[in-house]
Amino acid sequence: MSTPMPQRTDYLYFQPITTRWHDNDAYGHINNVTYYSFFDTAVNTYLIEVGGLDIHDGEVVGFVVSSACDYFASIAFPDRIEIGLRVGKLGNSSVQYELAVFKAGEAEACAAGRFVHVFVDRASNLPVAIPPALRGSLEQLVV
């Protein structure tokens, strides 16, 4: 089964990221594991800046419970990239993010990924309902 190549117009929020020298691997392109860092950065930036998530002292935190990525074209330092973000599924305590990596200004994605956060109580690590402000920010990204 092939994954269709996502287009920039498929996404509702973009987080710019500057690639770094040490992101490149021995083959001269961004190492596959680094894409997950880009995804995490884009999602958490959105949750903090738009959703009001307090990563240091908040009662609720998000745990990644599932992730995947498909690769279509290479990127390498010093490429400037933008991570497209949207929400594919929004549950009571969980959210599935859908992400794509675009070279700045390009229409077609170089990679597409997804991951699921389950929101839990920081003290007990038990799932909790997504807080209203955070849920509101996620609802803005539902496709």
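The values are calculated or read from the model by the stated rules, or taken from the named source; none is laboratory data. Since this is a predicted model, take the numbers as computed values, not measurements. Glycine also receives a Cβ, built like all others from the backbone with ideal geometry; neighbour counts cover every protein chain displayed. Accessible surface areas use protein heavy atoms only, side chains included; no ligands, DNA or RNA. Shrake-Rupley method; radii C 1.70, N 1.55, O 1.52, S 1.80 Å.
Here are the numbers:
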read-out: Percent of beta bridges antiparallel (DSSP, the chain, rounded to nearest 5); value: 95 percent
read-out: R0 of 35 Å, Cβ-Cβ distance residue 74-residue 126: FRET efficiency to nearest 0.05; value: 0.25
read-out: Longest to shortest principal axis, alpha-carbon extents of the range 88-143, angstrom; value: 42, 20, 16
read-out: Residues of the chain: accessible area per residue with a 1.4 Å probe, Å²; value: 53 Å²
read-out: In nm, spacing of pseudo-spin labels at residue 27 and residue 142 (7 Å Cα→C-beta vector); value: 3.9 nm
read-out: Per-peptide average of other Cβ atoms within 10 Å, ordering 19-27, 31-39, 70-78 highest first; value: 31-39, 70-78, 19-27
read-out: Net charge dipole size for the range 1-127 [Lys, Arg +1 and Asp, Glu -1 on Cβ; Debye, nearest 20]; value: 180 debye
read-out: Under 14 Å from the residue 63 label point (7 Å along Cα→beta-carbon), backbone N, the range 116-134; value: 116-129
read-out: Bins of 10 Å from zero: percent of alpha-carbon pairs in the range 39-143; value: 15, 46, 28, 12, 1
read-out: Filtered GluC sites (Glu not before Pro), the range 1-103: DSSP coil and at most 14 other beta carbons within 10 Å; value: 59
read-out: Value of relative contact order over the chain, rounded to a whole percent, pairs C-alpha under 8 Å and six or more apart; value: 31 percent
read-out: C-alpha long axis of helix 32-49 to longest principal axis of the chain, angle in °; value: 40 degrees
read-out: Residue 133 versus residue 18: modelled label distance in nm, points set 7 Å from Cα along the beta carbon direction; value: 3.0 nm
read-out: Note, ³J(HN,Hα) from phi for the range 84-98, Karplus 6.51, -1.76, 1.60, rounded to Hz, x at Gly and Pro; value: x, 9, 8, 10, x, 9, 10, x, 5, 10, 10, 9, 9, 8, 10
read-out: For the range 68-100 versus the range 33-66, the gap between their alpha-carbon centres in whole angstrom; value: 13 Å
read-out: Mean residue ellipticity (222 nm) of the chain, computed from DSSP H runs ≥ 4 via -39,500 (n - 2.57), nearest 500; value: -6000 deg cm²/dmol
